[in-house]
Each structure stands twice: as C-alpha cells, then as structure tokens.
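Single-structure report; data block below.
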Amino acid sequence: MTNKYDVVVIGAGPAGYVAAIRCAQLGLKTACVEKWHDDKKNAVYGGTCLNVGCIPSKALLDSSHKYIEAKEDFTSHGISVKDVAMDVPAMIARKAKIVGQLTQGVKSLFTANKVEGIAGLGKLLAGKKVQVTKHDGSTEILEADNVIIAAGSVPINIPPTPLDNDTIVDSTGALEFSSVPKRLGVIGAGVIGLELGSVWSRLGSEVTVLEAMDTFLPAVDTQISKEAFKILTKQGLNIKLGAKVTGSKINKGKAKTVTVTYTDQNGEQEAVFDKLIVAVGRRPLTENLLDANTGVELDKRGFIVVDDSCATAVPGVWAAGDCVRGPMLAHKGMEEGVMVAERIVGKKTQVNYSLVPFVIYTHPEIAWVGKTEQQLKEEGREYSVGNFPFSINGRAMAANATEGMVKIIADAKTDRILGCHIIGASAADLVQQMVIAMEFSASAEDIGLTMFSHPALSEAIHEAALAVNGHAVHMANKRKR
Ligand code: FAD
Ligand code: AMP
C-alpha cells in the first residue's frame, strides 16, 4: 500500500515533532514515523529529550537538589528538619510520571494539529519515498513531496567498557538506578557526565569522574570553567583530568562491582566502582536509515550532510537535529525543525547558529552564549570584559545562592556584546535575556540603560554590562571611565 503526503518526517524527537507540527500548521498533509514504542507497540513521541534526556535528567537533578538543600541548606534559614531521607524508587517514579505527561502531550499536539503519527522504523528510499517497517513486521511505503529526517542520536559506547546495562550503564541506565550506588564511576566530564554524576553525588554516592582530556570543559569560558571545577570538586565530585579509561572487568560477588583501568600522568591506575556510567558523547543514529541510492550523503562521523538551511543535496529531502552537524541540543533541533517546515512553504527562515545558548544543569548552573574570551584571543579581536559576582547580589544572598558570577564580553570599539558567560543559580534562565539582547545586536551600554527589577539575580547581568565600561554601581570598578 502506498500513501501520499506533502511531508513525511522520520523521528519524533524535538527536531522531528516540532517540524511535523509546524508543517501541519502551515497546511501541509504531514505524517511522522517513530520507532520508539510502549509495551502495547504504540508509538511514544518526544525522542531522547523527553524519554531519556533533557527532561528525566532535570527531574532527577531537581529532586536531588531539593534533598541536598533540605539536608545542608535549610538550617541556615532557621528551618530544622530531622531524618531527611531519599526514597529512590519514589524519585524515579516521579520522573517517569513527568516523562509520561510530556510524551502524551506530544501525542495530543499531533492530534490537535492533524499530524498523522505512524509507529514503526522508517527508511528513506530513492524518490522521496519512506519505507516503514511496522512493529508487527509488515511494511508500508509512504510517498512525499518532502521528507524530513530527524533520527537523532544515541550514546557512544567505547570498547574498554562494554555495557552490561546493570553495573556498566550509559546515560539511559543512569536515570534508572534503584538505589544510590556507594562508589560511582563516571567516564567523561562532559555535560551529561557532570549532570548525572551530580545527581548521584548529592544523594550520597562517592563519585569519581574520569576524563581523558587535561582541560576541564574546554568549550566553556576559562574563567567560568575554573570556577566550576572548584565548586563541583568542593561538592564532592572527584574529577580526574588526563585519565583515559583503557579497560574494565566486572567482578561477580555478592554484589557486582566493576574494576576500571585507566592511564594518567603516573601510569596505569585501577579503581573499583559499584556502578559505572559511560558518558563519552553521542553519535548520530543514521545506520540503516538511507537506502543505497537515495543520493543523501553521510559524512565520516555518520552525520547527514546538509547546508545552512538543513537541505540535503537531494531537493525535497531535509535533515535536522542531532543527526546533522552542530551542537547536539534539543533547542537547536527544534529551531531547525521550524526552519525546515517554513522553507518547505517558501519562507526564507534561518537559524542563527552563532547564538545557540548552552547550559550545564549542575548546581550552580553554567550557561553561555556567544564567544568565550579564549576564542576572541585566538581571533585577535579587541574586547572589554565586565564581571559581577553573585556574592554581592542582594537576591542571591537572600536565596543562599551566592556562588558564581556573570561575565559579559563586548567589542572594545563598538561595545556590541559578543558573549555572556554565567555560573550561578538559574543561569539557564538568566542567559536567555542575553540571547534576546544579542539577537537584537545590543551593546553593553544598551543593557546598562535597561531597567532591571530589584531585587533579582538578573541585576548581576545589569551590573556586569555596566562594568564592561567601568560604570558598575554596586561594586568598585576595575576600569574607570
Ligand atoms: P532525538 O531526540 O534523539 O529523537 C530522534 C527520534 O527519532 C527518536 O525518538 C528515535 O526513536 C526516532 N528514530 C530514529 N531513527 C528512526 C527511524 N529509522 N525510524 C523511526 N524513528 C526513528 N539537550 C538540551 O538541549 N538540553 C538538555 O538539558 C539536555 N539534556 C540531555 C540529557 C541527557 C541525559 C541526554 C542523553 C541528552 C540531553 N540533551 C539535552 C540532548 C537532547 O536530548 C538532544 O539534543 C535532542 O533530543 C535531539 O533531538 P532530535 O530530535 O534530533 O533527536
Ligand atoms: P561530551 O562529548 O561533552 O558528552 O563529553 C564526553 C567526554 O568523554 C569528553 O570530554 C571526552 O574527552 C571523554 N572521554 C571519551 N573517551 C574517554 C575515555 N576512554 N576515558 C575518559 N574520558 C573519555
């Protein structure tokens, strides 16, 4: 049987479901093929983000943060709590409920927008056809004027640490521990490793993070990454840099453990853990996705080759999200999904790839947009910097959230803001103000002339912007003008 659509989307993660909804809003007859399914073989929408990524990890980060606050922070407010205890299965069940609500929400949005959800595995065939292998083994061919591939990504596995999905797990397994491991190893000090390491460390695990590189968070502005290293280490994360994992052995005793071997500057080392999380990055999920003669190309790392507008070399075939170049972030994929849908109907929508916000949801959060100081130095560009620490922000003091700072970098001549780097409570939400400002080409002076509510954490942005030109009011300025 062949069905004809204006648009067929493969994958219902943030890139795919947003693309499908926007296509339908624009009047296109749209189907979205998704392989993720529940016990009854019904499609589950939302992809990595809603099922095993952004949302469940944030649910556990929020639960574990509340636990540590109750244990360590409440007394400073005069609140005494006795016998603070963590019910891990209850925390995991709460997370599952949130995931269920949101994935169900995407299903409702498909219904409301008349997107046809199709359960099964999609494969692109030549001539803008999509073969769907249903969960009962039957196949169906869909024909479309446009195909959008949004197949996403999966965790990378490395040969030294094959997963047994019990003692050695990837990020998905780390969202499902039924109790707090006493000794937890994490391979990779990237975003996912630090977030998941933080969850279990707050709940009582002794966490060791093994990171092959000598530099901590190299993509982050150095001043902020140094601060982050200090704070996270103080919280109990034992972050070993220059530690390359070379092997592992599962020890089967009363309770299984894993012995990990790694090399560092002192030679070969060993460590024993009760659980090991492998968080060494993600790869595009593009194997068996394209039939031989589709004309759509993959690069060496398996990403679908697209141009700035997410078009492949084949007219009418597009790709978006984690399966194409660029940062693997849900919001980047969503914007690409919208762009592709609008380009299909002839609009000239573009994604501003220079203003993708990045967030690491540790506590404090780390968030940034635009250029780091080290990038600007490499480019030989002249710039001015304004910093403001949360330790002297009134609202931060009231909230016991005095760690961290806001750093704003502006062009030395034009004053145009080039980057904003924040480590502090609510950094994810705070940095968004600067994404908007930078989208409108704001200068540091523009932010300085904007009125900010008092008292608020965002006043640190105001003061950092003023400090760029030596005009900060609530601290002594390094530069005077
Ligand atoms: P995916 O979300 O991977 O969705 C792809 C979908 O396509 C899946 O549902 C898959 O089943 C389906 N699919 C694949 N192949 C086929 C096929 N052949 N046929 C049918 N269906 C198919 N990003 C953030 O921005 N913020 C965060 O805080 C954040 N936290 C994260 C935490 C963790 C633990 C992880 C693992 C990731 C996190 N991410 C975060 C990354 C984010 O989840 C991804 O960038 C995002 O989900 C990518 O969206 P996507 O639509 O491209 O792909
Ligand atoms: P990210 O790509 O941000 O998720 O980070 C993954 C991290 O894992 C990177 O910083 C890698 O350097 C690190 N990594 C990859 N392989 C190994 C390994 N064998 N041992 C230790 N760290 C590793």
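The values are calculated or read from the model by the stated rules, or taken from the named source; none is laboratory data. Source: prediction; values computed, not measured. Cβ sites come from the backbone with ideal geometry, for glycine too, and all protein chains shown count toward neighbours. For the accessible areas, the whole protein counts, side chains as well, though only heavy atoms, and no ligand, DNA or RNA atoms are used. Shrake-Rupley method; radii C 1.70, N 1.55, O 1.52, S 1.80 Å.
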Determine Rg/Rh for the stretch 364-468; Rg is computed over alpha-carbon atoms and Rh is the Kirkwood hydrodynamic estimate from the same atoms.
-> 0.96
Given the protein chains as shown and a 1.4 Å probe, how many square angstrom of Lys240 are accessible, to the nearest 10?
-> 70
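How far, in nm, would the chain grow between Ser354 and Ile141 when pulled straight, counting 0.36 nm per residue and subtracting the alpha carbon separation?
72.8 nm
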Could you state how much accessible area Leu418 has, in square angstrom rounded to the nearest 10, with a 1.4 Å probe and all protein chains kept in place?
-> 20
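With a cut-off of 8 Å between alpha carbons and a minimum separation of six or more residues, what is the relative contact order of the stretch 97-213 in percent? Could the numbers behind the result be given before it?
Values: 107 pairs, mean separation 15.1, N = 117.
Answer for the stretch 97-213 is 13 percent.
Nearest 5 is fine: what % of DSSP beta bridges in the chain come out antiparallel, could you say? Don't skip to the end; give the middle numbers.
Numbers: 53 of 89 bridges.
Roughly 60 percent of the DSSP beta bridges within the chain come out antiparallel.
If R0 is 60 Å, what FRET efficiency do you get for Asp299 and Ala70 from their C-beta distance, rounded to 0.05? Could the numbers behind the result be given before it?
Values: r = 48 Å, r/R0 = 0.80.
Between Asp299 and Ala70 the formula returns 0.80.
If DNA, RNA and ligands are ignored and the probe is 1.4 Å, what is the ranking of Met339, Met213, Met405 by accessible area, most exposed first? Mind dumping the intermediate values first?
Working: Met339 0, Met213 95, Met405 25 Å².
Sorted by accessible area, descending: Met213, Met405, Met339.
Could you calculate the contour length gain from Gln265 to Lys377, that is, 0.36 nm times the residue separation minus the distance between their Cα atoms, to one decimal place in nm?
Values: separation 112, 0.36 × 112 = 40.32 nm, distance 2.91 nm.
That works out to 37.4 nm of additional length.
Would you kindly state how much longer the chain becomes between Thr215 and Lys347 on full extension, computed as 0.36 nm times their sequence separation minus their alpha carbon distance, in nm to one decimal?
On the way: separation 132, 0.36 × 132 = 47.52 nm, distance 4.27 nm.
Taking Thr215 through Lys347 to full extension adds about 43.2 nm, to one decimal.
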Judged on accessible area alone, 1.4 Å probe, highest first, Arg343, Arg283 line up as Arg283, Arg343
Running Debye on the chain with equal point scatterers at the Cα sites and no solvent, what base-10 log of I(q)/I(0) appears at q = 0.05, 0.10, 0.13 Å⁻¹?
-> -0.21, -0.86, -1.31
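Considering only Cα-Cα distances, which of the following residue pairs are longer than 30 Å: Lys123/Lys249; Lys249/Lys371; Lys234/Lys478?
Details: Lys123/Lys249 38 Å; Lys249/Lys371 42 Å; Lys234/Lys478 28 Å.
Those over the limit are Lys123/Lys249; Lys249/Lys371.
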Identify all aspartates and glutamates with a Cα-Cα distance to Lys29 below 19 Å; exclude those on the same chain that are fewer than 8 residues away in sequence.
-> Asp6, Glu116, Glu140, Glu143, Asp145, Glu342
How far is it, in nm, from the label point at Ser80 to the one at Thr222 when both lie 7 Å from their Cα along the line to the Cβ?
-> 4.9
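Quick one: grab the alpha carbon gyration tensor of the stretch 168-280, order the square roots of its eigenvalues as a ≥ b ≥ c, and give me rounded if a/c is under 1.5, else prolate or oblate depending on whether a/b is larger than b/c.
Working: a/c = 2.00, a/b = 1.33, b/c = 1.51.
Here the stretch 168-280 falls in the oblate category.
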Tyr67 accessible area, nearest 10 Å², 1.4 Å probe?
-> 30
Among all the lysines, which ones have a C-alpha under 18 Å from Lys230's C-alpha, if same-chain residues fewer than 8 places away are not counted?
-> Lys240, Lys407
Considering only Cα-Cα distances, which of the following residue pairs are longer than 18 Å: Lys252/Lys275; Lys58/Lys95; Lys114/Lys347?
-> Lys114/Lys347
For Ile98 paired with Asp39, estimate the spin-label separation in nm (one decimal), with each label point 7 Å from Cα along the Cα-to-Cβ line.
-> 2.4
Go through Phe229, Phe110 and list them by solvent-accessible area, largest first, probe radius 1.4 Å.
-> Phe229, Phe110
